[in-house]
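For reference, the structure is listed below as structure tokens.
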Amino acid sequence: MEDARADIERLAGLIADARRAVVFTGAGISTESGIPDFRSPTGIWSQTTPIYYEEFLASEEARIEAWRRKFLVDRDIVDATPNRGHRAVAKLVRTGKVASVITQNIDNLHQDSGVPAEKVIELHGNGSYAKCVSCQERYELGPIKEAFEKDGMPPACTLCGAPVKTATISFGQAMPDAEMKRARRETLACDLFLAIGSSLVVYPAAGFPVLAKESGSTLVILNREATDLDGIADLVINREIGPTLGEAANVN
Ligand code: NAD
């Protein structure tokens, strides 16, 4: 308990001293909202393997499987609400301490917690809607789900006929250019980089904490378990996110 208090005080001190902080989040910040992460022992990858983008494009069977999984995973996501960790981040943004939130998450919970959408940089897209892979036409999930439950067929674009996919970035799919550039700019401009709830193994996203450190900012890693980047961090806290960040930011 003593140690937890010391960790929280060090974190609060670094936040107080920062002129411009950036928060970088992974699936770990959302587990306290009931959304499983990928790499914990009970995470999604312990039960399934990813469908690569090429496979999605090439095979109707893969598209059917992708949509089946999507609606399965959504049972956890649609009812999820922001937790104490999200609220702490939202407060740090509101008070001007944090300039932007770079996230690997697709669950929209940072926006739901009150962080203005323009301050959230989504590196892996957003799972709350879908897009045509060719002409980028937007589709809402409700009607897609209804049709899928009726005929089990994956959706196709009504304008151009190409497959429709959730607006997330799949393995093997190019990263979104504008978001990558913004994330890089924000990383270079910050003096404190808080990496929260990420195993820091998915690149290029995990390159941002490295870039932050290389460009002279203070790097904090808050994650329940060790990460590959712990060795370069100025402060590593292996604790639960909600209580730790909540205490440090004085948020319930
Ligand atoms: P990850 O699953 O690889 O790592 C999550 C890390 O968070 C793990 O190291 C785990 O120990 C830690 N963690 C989990 N709950 C925690 C808690 N309450 N307190 C402290 N630590 C906790 O996730 P990642 O690094 O984000 O990479 C996985 C990819 O999965 C990302 O690309 C992301 O797009 C996607 N993803 C997103 C969601 C979501 O949107 N909520 C959920 C699952 C996966």
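Every number in this text was worked out from the coordinates using simple rules, so none of it is lab data. Quantities reported herein were computed from a predicted structural model and do not represent experimental measurements. As a convention, Cβ positions derive from the backbone with ideal geometry for all residues, glycine included, and neighbour counts pool all protein chains shown.
Quick notes on this structure:
- Cα lying deepest toward the dipole's positive end in the chain, options Phe38, Pro50, Ile121, charges on Cβ: Ile121
- When the square roots of the Cα gyration tensor eigenvalues are ordered a ≥ b ≥ c, the ratio a/c for the chain is 1.5 or more and a/b exceeds b/c, which makes its shape prolate.
- Just checking the listed ones, Thr95, Thr168, Thr25: in the Gaussian network model of the chain with Cα springs under 10 Å, the one fluctuating most is Thr95.
- Loop-located chymotrypsin sites (Phe, Trp or Tyr not before Pro) across segment 148-224 with a Cβ neighbour count of 14 or fewer within 10 Å are Phe171, with loop assigned by DSSP.
- Segment 160-203 - charge dipole about Cα centre, Lys and Arg +1 at Cβ, Asp and Glu -1, debye rounded to 20: 100
- Only Lys, Arg (+1) and Asp, Glu (-1) charged, at Cβ; segment 83-153 dipole about Cα centre in debye: 560
- Length gained when the stretch Ala162-Leu211 is fully extended (0.36 nm per residue, less Cα-Cα span): 13.9 nm
- Largest mean-square fluctuation among Lys91, Lys150, Lys131, in a Gaussian network model of the chain whose springs join Cα atoms under 10 Å apart, belongs to Lys150.
- Close Lys pairs in the chain (alpha-carbon distance under 22 Å; sequence gap of 8 or more, or different chains): 17.
- Net charge dipole size for the chain [Lys, Arg +1 and Asp, Glu -1 on Cβ; Debye, nearest 20]: 620
- Segment 18-118: relative contact order in percent, alpha carbon pairs under 8 Å with at least 6 residues between: 42
- Highest-fluctuation residue, Asp151, Asp107, Asp230 considered, GNM on the chain with Cα pairs under 10 Å: Asp151
- Positive-end residue, the chain charge dipole about Cα centroid, Cβ charges, pick of Ala99, Ser59, Val22: Ala99
- Overall Cα dimensions of segment 17-147, principal axis frame, Å, largest first: 53, 37, 26
- Paramagnetic label zone (point 7 Å from Cα along Cα-to-C-beta, Val201; backbone N under 18 Å) in segment 211-228: 222-228
- Computed across segment 164-252, the Kirkwood radius stands at 14.3 Å (inverse of mean 1/r, all Cα pairs).
- Rel. contact order, % - alpha carbon contacts under 8 angstrom, at least six apart, the chain: 25
- DSSP bridge orientation in the chain - percent antiparallel, rounded to nearest 5: 25
- Zone residues, segment 51-76, relative to Cys135, backbone N less than 18 Å from point 7 Å out along Cα-to-Cβ: none
- Put the Cα centre of segment 199-250 next to the Cα centre of segment 154-169 and the gap is 36 Å.
- A straight chain from Thr95 to Glu225 at 0.36 nm per residue would run longer than the Cα-Cα distance by 43.9 nm.
- Charge context of His86, other residues only, Cβ under 14 angstrom, K/R +1, D/E -1: +1
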